Amino acid sequence: MPPPRTIDLRSDTVTRPTPGMRAAMASAVVGDDVFGEDPTVADLERRVAALMGREYGLFVPSGTMGNQIALQLHARHGDEVLVADGAHCLWYESGAAAAIAGVQLVAVGTGGLVTPDELRAALRPRVDWCPKTSALVLENTHNRAGGKIIDLAVSRAVITTAHAAGLAVHLDGARLLNASVALGLTPAEVAGEADTVSVCLSKGLGAPAGSVLVGSREQMYEARRLRKRMGGGMRQVGVLAAAGIFALDHHLERLADDHHAARALAAGLDGCPGITAVAPDTNIVMIDVAPGAGVDAHGFADHARVHGVLLSVFGEFRLRAVTHLEVSLDDALTAAEVIRKVSRAVAA
Ligand SMILES: Cc1ncc(COP(=O)(O)O)c(C=O)c1O
């Protein structure tokens, strides 16, 4: 009998290019993109800019680089940038905001949501002995908040407040397309009035690498220089852009399947003693291990791995499970079974 398949729920970044995507990559027309001569990259940038309702797009190697370029566009060294509580650029970008963009990040709000009042309270006086507060970074969906869709009315209001206070707004939209599909709104509607937005191709869309930063023509002109400075100028990178185009054509609407699988996973854990699954908005399920359950999140993940389910540790007692292209509805239901068994076993 073949060994049972591992169900990898650590992240939606673990997907491998499908045969169709590989074929698109192999036949991509390419050129030197540092010279602006790669037609497939140009096509991808135009398509994402149009999708997001922005003038221009810039293909960058990663979501991290997209965020870091945005920080450098909107703030100078020594400035302060307010970020939604739990922001990726605060937690998971290896300190790049300080080391590369040279800015001081301050978390505001709770659970990824920032209200206009919270923003106003965080603004420093405009005096020369305080850092200048230059920008606000929002994230939608919000990863640490569990793939949460950030309320659009509140987002709109806080962006208006930020603009009125002279702040630029960057939206980390690594998983913005999940929000768009879940809400039945266009990506441009979800993006609202943010000045720049970065969108990842390598998460739920299933491409092997790449993100697109979008904004105005002038911003993207400067962003190109910043990308080169950071070592992100790539040559015949149409092979990767082709994967992104394929993903937009074939993997966008199916994000709804990931959301369905995530809901099924959470529902399958309902009432399970020792753990609590947070009902998901999109493709991320946060699972809290009860402090008295006998193990912490690391211990729980170790047990689940032995039984063929991979989970990420997100806190002492918090686990993250993410559905994606390589997780079917059946896989999600199987994973729920396994997690229930693990919960019973560790409690015994
Ligand atoms: C919300 C968010 N922003 C940015 C990133 C960074 O993307 P990358 O891993 O491509 O640098 C991630 C990655 O998981 C993310 O979840």
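The numbers here are math on the coordinates, done by the rules we state, and not lab data. Please read all numbers here as calculations on a predicted model, not as lab measurements. Every residue, glycine among them, receives a Cβ derived from its backbone with ideal geometry; neighbour counts consider all protein chains shown.
Treat each spin label as a single point 7 Å out from the Cα along the C-beta direction, and report the residue 250 to residue 185 distance in nm.
That separation, rounded to one decimal, is 3.0 nm.
Compute the FRET efficiency between residue 305 and residue 106 as 1/(1 + (r/R0)^6), taking r as their Cβ-Cβ distance and R0 = 51 Å, and round to the nearest 0.05.
0.90
Compute the angle between helix 152-164 and the longest alpha-carbon principal axis of the chain, please, reported from 0 to 90 degrees and rounded to the nearest 10.
Result, in degrees: 30.
Which stretch or stretches of the range 228-265 have amide N atoms under 13 Å from the point lying 7 Å from residue 37's Cα along the Cα→Cβ direction?
Those under the cut-off are 235-237.
Would you mind putting 192-204, 90-102, 319-331 in packing order, based on average other-beta-carbon counts within 10 Å, highest first?
Listed from highest to lowest mean packing, they are 192-204, 319-331, 90-102.
Amide H of residue 83: which non-local residues (sequence gap of 5 or more, or other chain) have their own amide H closer than 5 Å, using H built in the peptide plane?
106, 107, 108, 137
Over the range 254-347, what per residue volume does the convex hull of the Cα atoms give, in whole Å³?
74 Å³
Which value in deg cm²/dmol, rounded to the nearest 500, describes the helix-derived mean residue ellipticity at 222 nm for the chain, given -39,500 (n - 2.57) per DSSP H run of n ≥ 4 and division by the residue count?
Calculated mean residue ellipticity at 222 nm is -12000 deg cm²/dmol.
By how many nm would the segment from residue 27 to residue 121 grow when fully extended, if each residue of separation counts as 0.36 nm and the alpha-carbon distance is taken off?
28.5 nm
When you take every Cα atom in the chain, what is the radius of gyration, and what is Dmax, the widest Cα pair distance, in Å?
Rg, Dmax (Cα atoms, Å): 20.6, 71.
Whole angstrom only: what separates the Cα centroid of the range 4-62 from the Cα centroid of the range 255-310?
30 Å
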